[in-house]
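The values are calculated or read from the model by the stated rules, or taken from the named source; none is laboratory data. All values reported here derive from a predicted model rather than from experimental measurement. Neighbour counts run over all protein chains shown; Cβ positions are idealised from the backbone, glycine included. For accessibility, only protein heavy atoms count, side chains too; no ligands or nucleic acids. Shrake-Rupley method; radii C 1.70, N 1.55, O 1.52, S 1.80 Å.
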There are 2 protein chains.
Amino acid sequence: MTKNSNSDGKTRRALPKEVRKEQLIRATMKCIARSGLSGVTMARVTTEAGLSLGIANLHFESKEKLLLATLQYVTAEYNRDQKSILESRDYPNLAAQIEALLQFDFSAAVTEKNKMAVWFAFLGEAKSRPTYQRICSRQDSTSEALMTGLFQAVIEEGAYPDTNAELTAAGYIALVDGLWLNTLVAPRRLPRKKARRVARQYLASAFPQHISPEF
Amino acid sequence: MTKNSNSDGKTRRALPKEVRKEQLIRATMKCIARSGLSGVTMARVTTEAGLSLGIANLHFESKEKLLLATLQYVTAEYNRDQKSILESRDYPNLAAQIEALLQFDFSAAVTEKNKMAVWFAFLGEAKSRPTYQRICSRQDSTSEALMTGLFQAVIEEGAYPDTNAELTAAGYIALVDGLWLNTLVAPRRLPRKKARRVARQYLASAFPQHISPEF
DNA sequence: GACGCGAATGAATAACCATTCAGTAGTTGC
DNA sequence: GCAACTACTGAATGGTTATTCATTCGCGTC
């Protein structure tokens, strides 16, 4: 073994800023999931990361900025991947595109406990903190518009005269939020796969020619 | 004017415990809505209530118990009224009962900003605090069961062979949660009445013979 | 192998905040 | 009108926690 190693708790080692930042953000996510937003302290975060107390301020200036970076880390990833599905032209047909959206929204990666905990911890405070609100909803308008467009195309293709694309998109977005929340708080009552079946049923009943209620 | 009066900020007056408790709970709700759960301090709550610092501990023993009482105040009211709709046998038919549920869930009283803020502030911390979780979900299983029963009756009456009562109930519950959350965080994008139209569309597409998509 | 630089440490500091409690004022019973 | 009692007050206390910064340490360079 070399003189320094990361997993060896004794020696310390200078590492690039980016590595330390991600290490601290991951530790913050764990702390939020374990103790809630109000239970997060610099001491807990840095201990979780296996580093010393002062390091978070060194890399992030303040606790507030560390928390904002953590929220951004979680949302940026989701927004990027969702956008790429909604804007892709590589799916063989619209049904496949919607199917991909559904699989994505209830994939293990997206519904990972730590991420969901971070997401809803901040949403719970968002109303009183404009900064949180901005980060949470930055992408939302765009995403809602893209989804409405996709649903509109499906409606025209399938000739569903009674379906309203805008309301259906708003409903899907809200339904996914609600399912995530229920899955997070009571995974026994609503396991991930049941949540996905519920969302599928929603889409199937809006677009019966495109989506079937069972996979 | 008598020697003492409530609205006169100078004199103080002894009032029954119950009155003070409610006064403090209401002040706590306002504080949570204004500054989030983590921004609530005893000083802020008691100032908001127009009382002195020590009074909250006098009536509630601790901050934690004041917060729990506030959460309970909000949930108890909702659970009581929802239960009475779901268990009532006074509606002329099943369609009217579902209609009542919908009107209730998006009534101004239920979707009042302060109540929603309290609800989601606690849900955001619920995963890490078993006590919050217990209060939030105490009634949920019962309510889900009652709703599944109601939907099952509707399915039999309307002969909807492809609709699953359990999934539809789970979906409705999640959809309402998600709509509330979106309305709370971005009332511009999703005003209360649009949220209700979305929920109505959900029910209309599940039970087309009973509920119409427009009111 | 020692010099210099930037990363990392953690004891010390200062701010904040829940809780206490001795004292004050209103209320009730006589 | 006077105790006895109860609700209420807010300065003081003590615990917790973000932030600072003097010091330590690792690593590349000469």
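Among the residues of segment B:75-91, at least one is assigned to a helix (DSSP H, G or I), polar (S, T, N, Q) and open to solvent by 60 Å² or more (accessible area, probe 1.4 Å).
For segment B:132-170, filtering for residues that are more than 12 Å from chain A (Cβ to nearest Cβ) and under 22 Å from B:Met29 (Cβ atoms) leaves 1. Do the conditions hold for A:Ile32, that is, is it under 21 Å from A:Leu179 (Cα atoms) and within 16 Å of DNA strand D (Cβ to nearest atom)? Taking the combined requirement at face value, the residue satisfies it.
Within segment A:35-46, how many residues are in contact (Cβ under 8 Å) with a residue 12 or more places away in the chain, near DNA strand D (Cβ under 7 Å from one of its atoms) and closer than 16 Å to B:Ser128 by Cα? Number satisfying all stated conditions: 1. For B:Leu66, which of the numbered conditions (1) under 22 Å from the mean Cα position of the chain (by Cα); (2) more than 8 Å from DNA strand C (Cβ to nearest atom) fails to hold? Among (1) under 22 Å from the mean Cα position of the chain (by Cα); (2) more than 8 Å from DNA strand C (Cβ to nearest atom), B:Leu66 violates only (2). For the criterion of being over 26 Å from A:Pro208 (Cβ atoms) and of a type in the set (Ser, Thr, Tyr), B:Thr183 passes. Only one of these is within 8 Å of DNA strand D (Cβ to nearest atom), small (Gly, Ala, Ser) and at pLDDT 95 or above: A:Ala56, A:Ala49. Name it. Answer to the selection: A:Ala56. Under the condition of being more than 12 Å from DNA strand C (Cβ to nearest atom) and over 23 Å from the mean Cα position of the chain (by Cα), the residues counted in segment A:31-53 number 1.
Restricting the search to segment A:56-73, which residues are surrounded by 22 or more Cβ atoms within 10 Å (Cβ to Cβ) and either over 17 Å from A:Thr41 (Cβ atoms) or touching a residue at least 60 places away in the same chain (Cβ under 8 Å) (or both)? Hit for segment A:56-73 is A:Leu71, nothing else.
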